[in-house]
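J.: This structure is in structure tokens; I'll ask about it shortly.
Quick note: the coordinates plus some simple rules give every number you see, no bench work behind them. Remember, predicted model here, so these are calculated numbers, not experimental data. Quick reminder, even Gly has a Cβ in these numbers, built from the backbone with ideal geometry, and neighbours come from all protein chains shown.
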There are 2 protein chains.
Amino acid sequence: MAKAEVLCIGTELLLGDVLDTNSQYLAQQLALLGLNCFYRVTVGDNVGRILDCIVTALRRSDILITSGGLGPTADDLTTECLAQVFNAPLETDQQVLAFIESLFAARNIKMPKTNAKQALRPRGADILPNPVGTAPGMIWRLGPEELALIGIEADQSGQWPVKTILTFPGVPRELKGMWEETARGYLEKTYAGGTIWSTELKHYGIGESALAEKFAHLLDLANPSVAPYAGNWECRLRVAAKANSVVEAQALAQPVIDEIKAGSGVTCYGHDGDTLESVVGELLSAQRLTIALAESCTGGLISERLTGIPGSSRYIMLNAVTYSAEAKQKLLGVSAELLAAHGAVSPECAKAMAEGIRAVSGCDIGLSVTGIAGPDGGSEEKPVGLVYLGLSVGQKTGEPLYFARTLRLGKRLGRNEIRWRTAQEALNMVRLYLISPEHLSV
Amino acid sequence: MAKAEVLCIGTELLLGDVLDTNSQYLAQQLALLGLNCFYRVTVGDNVGRILDCIVTALRRSDILITSGGLGPTADDLTTECLAQVFNAPLETDQQVLAFIESLFAARNIKMPKTNAKQALRPRGADILPNPVGTAPGMIWRLGPEELALIGIEADQSGQWPVKTILTFPGVPRELKGMWEETARGYLEKTYAGGTIWSTELKHYGIGESALAEKFAHLLDLANPSVAPYAGNWECRLRVAAKANSVVEAQALAQPVIDEIKAGSGVTCYGHDGDTLESVVGELLSAQRLTIALAESCTGGLISERLTGIPGSSRYIMLNAVTYSAEAKQKLLGVSAELLAAHGAVSPECAKAMAEGIRAVSGCDIGLSVTGIAGPDGGSEEKPVGLVYLGLSVGQKTGEPLYFARTLRLGKRLGRNEIRWRTAQEALNMVRLYLISPEHLSV
């Protein structure tokens, strides 16, 4: 099995100014490809130390993946150092230069001179395209001459080891885009050594340890393996299988996946890239229903998540963030009497908001949230973290259906976390209703 | 200045199952102590590779800090490996053993045999107490015998270098507790060498390379040092100074900070924890102004960001996400004629939306966004990434002021990125207006 090594370059990482999330992403991706990763090194913007790390890595690993140091400024040293290790001249890639210039031209800005540096690459290296940012990285498969320079020799049959360098910028979005578009496929082709295929089954409404307990008998399996992970107010079971091909690995994993799904019921909401909002979007589309939101304490978070799904304009027309009492009255028709009697944070107000936004928008479903996200504004009776949710659903004939939920999240969580958890619960309410209203009647 | 090296031990880190946050914490703490950190290495639970990393680190650094591998199971190898490097016998610390036993006794559980392992330490090492968890780490100041074993010699005057090993568990809470209670003080006493103080000046409206070019003369300074970093559609200049105390370091940095601020004008929007939304919130509060948003393609993102700031209910009453043409008409009073003549994605519609939401909400400022976030819905005339922004500001007497902006972000970015950049620009429009309307008239 081929060995990869990750080298993160940047003084800001060693000073702790930036949390390194690239390493985890790359580690997961390498594991998915069935590539070993035995060392990960972080080094600052210093030529001598970078050279040292490059040589050490290439002597003990087959694949060197660098992150960072590809920017236009003087302390971006990665390309330069790689060229230096192998005595390779740096050449300007005219196509890359033209592309970088065009990006600036599109914004009506003259390209700063320093950016020309980002079009340089050592002779012999190929471009690793960057679909998102300014500058590409490189894929450099080292030839015998280069290998000899760092003391690596051919084996007894005259065969040279296959050693490759891939460079990525430190910006996580760019690194990810480049990985997915080009690097993953390249490594799969070049170092194919069996495959690890995995899927994550995502759960809402059950904790990580309860999930682990429920499927305890699966956690000791070797292949496929099953492991629980905590998420952001949801959790996941990862099922991974090793085999010679994706198809074989999937076949190995399938019985376990089926067992988990059957045993989970509605707590399993989807897999891998699914989110509560994407699942809700799919259900709304499939059932040709529309939804409108009236948010108070979540301030637009639920709307932002639902509209983040491409095509959401099919089921969303109008959402309102009614922060003040006046806005709740004026826009949603919540009565002054109700507000005076129960307050804005009350089950009564949640109901009036849900029905109000449904009426105003003309949508099938009205979802409301009203609560106290803190840090101030709580009282003994209505503490920070108290949230009421309401779901009003119009019917062809007769009264609309109405479902309510109360969350008591506690002050300790903080504003952001209270908002996030409320959004999770709100989206899940809609999901459960769309699967079957029964699930909300409990 | 003494050099420290961080070694994270654990296969789970190399597989990406766990996000390593200890490294960032340790990096920040080392910087605060004025200790250099030139390398950070992560290695799996493998004796040979751990030994290799320990020796390499101690040859090139004065302080080796390990995290992980102190648990009771067979793959917890840190203590054992350190003993092996220096040929030191492992001895049971009776006090630690009694303490671990007492923890189990308190929970009415018999201590599993494997836990006795956590009371072992190499002869010569001291205990690094763990105020939070089960097992302590060690502080091991290496003597001449141990140093000689890894090829380190005394200097010409017979002086041996001061080299110390500190081991921590991988659990962030325990590592932190041990650092704060014991390790920090020990390192300060043993390697006292001043402090690094730093601040980040955040910029919007100028790219990283343009910023670097503008302040090129500062980037070569040694103390304070200045370095540019890219952010998420914004960028930062980090100013760091080393001195004997925080006060001295700040004094060293201040002239450079002042120069950057003076030279940046309005592109510098804040520092460190500031965000565009927090700065807008502060300006609105200070000027006692209120704002209302009418969002289309951003779907609630700007509302979510502004309401994420504690106390935002002082200046936000009502925001609307008017996704459909009907919602724009009904809620904001955009006329059917305007929509028919110019379409929903037009400067005219942005203006009508901004004025509409200001009127409906009764707020001082109305901010609107209408555009095409994609991936579908674009045309040749109105491509994905085209966004119009509008800012309507009521005046005590006379007509309201109106400011417009157009963004052409291109399809390549993707939906999320188009939404994010639009939100950045929208928040910055409000910021510039609140500093002085002049900045928007250009």
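J.: Using a label point 7 Å beyond Cα on the Cα-Cβ vector, give me the inter-copy distances for residue A:383 in nanometres, one decimal, shortest first.
T.: For residue A:383, the inter-copy label distances come out at 5.5 nm.
J.: Which FRET efficiency value, to the nearest 0.05, is calculated for residue B:192 and residue B:219 with the Förster distance at 41 angstrom and r the Cβ-Cβ distance?
T.: With a Förster radius of 41 Å, E is 0.90.
J.: What size of dipole, in debye to the nearest 20, comes out for chain B about its Cα centre when the only charges are +1 on Lys and Arg C-beta atoms and -1 on Asp and Glu C-beta atoms?
T.: Here chain B has a charge dipole of around 580 debye.
J.: Could you tell me the relative contact order of segment B:276-441? Use alpha-carbon pairs under 8 Å, at least six residues apart, and round to a whole percent.
T.: Relative contact order for segment B:276-441 comes out at 23 percent.
J.: Follow-up question, since we're still on this one. Which value, in debye to the nearest 20, describes the size of the charge dipole of segment B:212-349 about its Cα centre when Lys and Arg Cβ atoms bear +1, Asp and Glu Cβ atoms bear -1, and nothing else is charged?
T.: Rounded to the nearest 20 debye, it is 200 debye.
J.: On to the next question. Apply the Kirkwood formula to the protein assembly as shown: the hydrodynamic radius equals the inverse of the mean of 1/r over all pairs of different alpha-carbon atoms; give it in Å with one decimal.
T.: The answer is 30.2 Å.
J.: Measuring from centroid to centroid over Cα atoms, what is the spacing of segment B:326-348 and segment A:67-111 in Å?
T.: 45 Å
J.: Then there is this: Taking the highest mean first, how do the peptides A:153-164, A:70-81, A:25-36, B:155-166 order by number of other beta carbon atoms within 10 angstrom per residue?
T.: Peptide ranking by packing, descending: A:70-81, A:25-36, B:155-166, A:153-164.
J.: Could I ask something else about it? Looking at chain B, what % of the alpha carbon pairs are farther apart than 28 Å?
T.: The answer is 63 percent, as a whole percent.
J.: State whether segment B:109-242 is rounded, prolate or oblate according to the following rule on the C-alpha gyration tensor (a ≥ b ≥ c being the square roots of its eigenvalues): a/c under 1.5 gives rounded; otherwise a/b larger than b/c gives prolate, and the remaining case gives oblate.
T.: Here segment B:109-242 falls in the oblate category.
J.: Now a separate question. Sequence gap at least 6, Cα distance under 8 Å: using those rules, report the relative contact order of segment B:3-191 to the nearest whole percent.
T.: In percent, rounded to a whole number, it is 22.
J.: In peptide B:202-213, how many Cβ atoms from other protein chains are near each Cβ within 10 Å, on average?
T.: Per residue, the average neighbour count from other chains is 4.
J.: How many partner chain Cβ atoms sit within 10 Å of a residue's Cβ in peptide B:371-383, on average, as a whole number?
T.: 1
J.: Here's something else I'd like to know. Kindly give the distances from residue B:84 to its copy-mates, label point to label point, with each label point 7 Å from Cα along Cα→Cβ, as nm values to one decimal ordered shortest first.
T.: Residue B:84 label point versus its equivalents elsewhere: 3.5 nm.
J.: Can you sort A:168, A:86 from fewest to most other Cβ atoms within 10 Å of each residue's own Cβ?
T.: Going from least to most buried by this count: A:86, A:168.
J.: A follow-up question, please. Within 10 Å of each Cβ in B:16-27, how many Cβ atoms from other chains are there, averaged over the peptide?
T.: 6
J.: Can you list the residues of segment B:185-220 with backbone N under 15 Å from a point 7 Å past the Cα of residue B:244, pointing along Cα to Cβ?
T.: B:192-196
J.: Follow-up question, since we're still on this one. Have a look at segment A:276-441 and give its Rg and Dmax from the Cα atoms, expressed in angstrom.
T.: Final numbers for Rg and Dmax: 14.8, 45 Å.
J.: Here is a further query. Apply 1/(1 + (r/R0)^6) to the Cβ-Cβ distance of residue B:114 and residue B:173, taking R0 = 30 Å, and write down the FRET efficiency to the nearest 0.05.
T.: My answer for the efficiency is 0.85.
J.: Taking the Cα centre as origin and putting +1 on Lys and Arg beta-carbons and -1 on Asp and Glu beta-carbons, what dipole magnitude results for segment A:276-441, to the nearest 20 debye?
T.: Its charge dipole is roughly 240 debye.
J.: Provide the percentage of antiparallel DSSP beta bridges, counting only those with both residues in chain B; round to the nearest 5.
T.: The antiparallel proportion sits near 65 percent.
J.: Using the 10 angstrom Cβ neighbour count as an exposure proxy, how do A:396, A:176, B:328, A:351 rank, fewest first?
T.: A:396, A:176, A:351, B:328
J.: Taking Cα centroids, how far is segment A:210-254 from segment A:421-442 in Å?
T.: Segment A:210-254 and segment A:421-442 have Cα centres separated by 26 Å.
J.: Pairs of Cα atoms under 8 Å, at least six residues apart: use those to get the relative contact order of chain B, whole percent.
T.: Relative contact order of chain B: 10 percent.
J.: Rg/Rh for segment A:1-73 to two decimals, with Rh computed the Kirkwood way over all alpha-carbon pairs.
T.: 0.97
J.: I want to check the label-to-label distance for residue B:74 and residue A:397. Put each point 7 Å from Cα in the C-beta direction and report it in nm to one decimal.
T.: 7.0 nm
J.: Now for a separate question. Show the residues, 5+ positions off or on another chain, whose built amide H is closer than 5 Å to the amide H of residue B:321.
T.: A:319, A:320, A:321, B:295
J.: Follow-up question, since we're still on this one. Taking chain B as a Gaussian network, Cα atoms linked when under 10 Å apart, which of B:122, B:169, B:310 shows the biggest mean-square fluctuation?
T.: Looking only at B:122, B:169, B:310, the largest GNM fluctuation is found for B:310.
J.: Where does chain B land at 222 nm, in deg cm²/dmol rounded to the nearest 500, when only DSSP H runs of n ≥ 4 count, each adding -39500 (n - 2.57), divided by all residues?
T.: Result for chain B: -11500 deg cm²/dmol, rounded to the nearest 500.
J.: What's the exposure ranking of B:140, A:420, going from fewest to most Cβ atoms within 10 Å?
T.: A:420, B:140
J.: Here is a further query. Can you say what percent of the DSSP beta bridges in the protein assembly as shown, counting only those with both residues inside, are antiparallel? Round to 5.
T.: Here the share of antiparallel DSSP bridges comes out near 65 percent.
J.: Output, in nm with one decimal and in ascending order, the distances from the residue A:108 label point to the matching label points of the other copies (7 Å from Cα along Cα-to-Cβ).
T.: Distances to the matching label points in the other copies: 7.6 nm.
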